[in-house]
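Have a look at the structure below before the remarks.
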Amino acid sequence: LKLAEVARPTAEAGEVILEIRAAGLCHSDVGALEDPGWLNFITKRPVVFGHEIAGVVCEVGTGVTEFAVGDRVGVCPTARVGVGAPGYVRDGGFTYFHRAEPRDLVKMPDGLSFELAALGTDAGMTSYHGIVTKGGLQAGMKVGVIGLGGLGQIGARVGVVLGAEVHVCEKNEAVWPMAEEIGAKSVVADVSEWKDRDFDLIVDYAGFGTTTAGAVNAVRRGGRVVLVGMGVLEFTLSTVAMIRKQAQVVGSSGGTREDVAAVYRLLADGKITPAVTVIGFDDIPKGLEDLRDGKVKGRLVARIDH
């Protein structure tokens, strides 16, 4: 990371400029800094990092009718399918202004803070997409959530709010009280404890291989496992368990503007209240170090003061 002066963007036709009020920090930012393999995804260099962005529209280009100056919005980082997220192919949120297109934006409900709106654009969207859109969660389902970090805590709470019977697997016993606060029915340290528990759905927000393999052993016949986390990049599944159970294992990445909007409604209504630590702009480098070192509980968001 380097602190640099960048020119303030201006809105071309079909674009808007946001005055950024909050920007989330994500483990993928740490990955991009630590793992050279991430350079394949970063096509703009140098680039302003930060893909979780919320702010206020301060300039509107010609032809834009969906948004006006003063609108409070979040930026869906995956809205432009095939284009790529801010912080990777275009400048992101660790600055003061952001150029966007209307199809990137989701209006914030009244009462929603910029900090929660920022984390809702990625952590919220990705969590919701995995458990609802890809998982097909319905009220009354028996659902397992693996990992109670920044994504899992949101996914688990979404499951509870939508009427599922949610159980949590989390190896860090220090955060077990959070499972109870969320409304989970039980919590275990290892997914092997769920063997033959006949879950309808398990969402693996950790993705450490053994977690996904264990999830296949824990779902009912015809049950579904959704893989969101990328703790490891390769693992082995039991052919016997897959075939005998006719289990479905599907991957989930990112989400849509509709997912962001759904999360925003839940956040604004106070139905999901994720753990979040708010820092200042100058604290972003230290915040990324803390993320790398596992010192952050929940999500980390920088408040951008102007």
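Remarks
- Only a single item in (1) within 18 Å of the chain's Cα centre (by Cα); (2) among the hydrophobic types (A, V, I, L, M, F, W, C); (3) not in a helix (DSSP H, G or I) is not met by V249, and it is number (1).
- Any hit, region 96-106, residues being among the acidic types (D, E) and within 28 Å of K2 (Cα to Cα): yes
- Checked across region 145-161, the condition of being among the aliphatic types (A, V, I, L, M), assigned to a strand (DSSP E or B), open to solvent by less than 40 Å² (accessible area, probe 1.4 Å) and over 29 Å from T212 (Cα atoms) holds for no residue.
- Of the residues making up region 291-305, at least one is open to solvent by 40 Å² or more (accessible area, probe 1.4 Å), farther than 22 Å from I20 by Cβ and either modelled with pLDDT of 95 or more or in a helix (DSSP H, G or I) (or both).
- Looking across region 223-237 at every residue that is open to solvent by less than 60 Å² (accessible area, probe 1.4 Å) and part of a loop (DSSP other than H, G, I, E, B), the one that is farthest from G144 (Cα to Cα) is identified as V232.
- Among the candidates R99, R103, residue that is part of a strand (DSSP E or B), charged (D, E, K, R) and either surrounded by fewer than 19 Cβ atoms within 10 Å (Cβ to Cβ) or more than 15 Å from the chain's Cα centre (by Cα) (or both): R99
- Any chance R197 is part of a loop (DSSP other than H, G, I, E, B) and modelled with pLDDT of 95 or more: yes
- Selection within region 23-50 - within 13 Å of Y88 (Cα to Cα), open to solvent by less than 30 Å² (accessible area, probe 1.4 Å), not in a helix (DSSP H, G or I) and not hydrophobic (A, V, I, L, M, F, W, C): G50
- Where A13 falls short, out of the listed (1) touching a strand residue (DSSP E or B) at 6+ places or on another chain (Cβ under 9 Å); (2) touching a residue at least 24 places away in the same chain (Cβ under 8 Å); (3) of a type in the set (A, V, I, L, M, F, W, C); (4) in a loop (DSSP other than H, G, I, E, B): (1)
The values are calculated or read from the model by the stated rules, or taken from the named source; none is laboratory data. Just so it is clear, the structure is predicted and the values come from calculations on it, not from any experiment. Glycine gets a Cβ as well: all are built from the backbone with ideal geometry, and neighbour counts include every protein chain shown. With ligands, DNA and RNA removed, areas are computed over all heavy atoms of the protein, side chains included. Shrake-Rupley method; radii C 1.70, N 1.55, O 1.52, S 1.80 Å.
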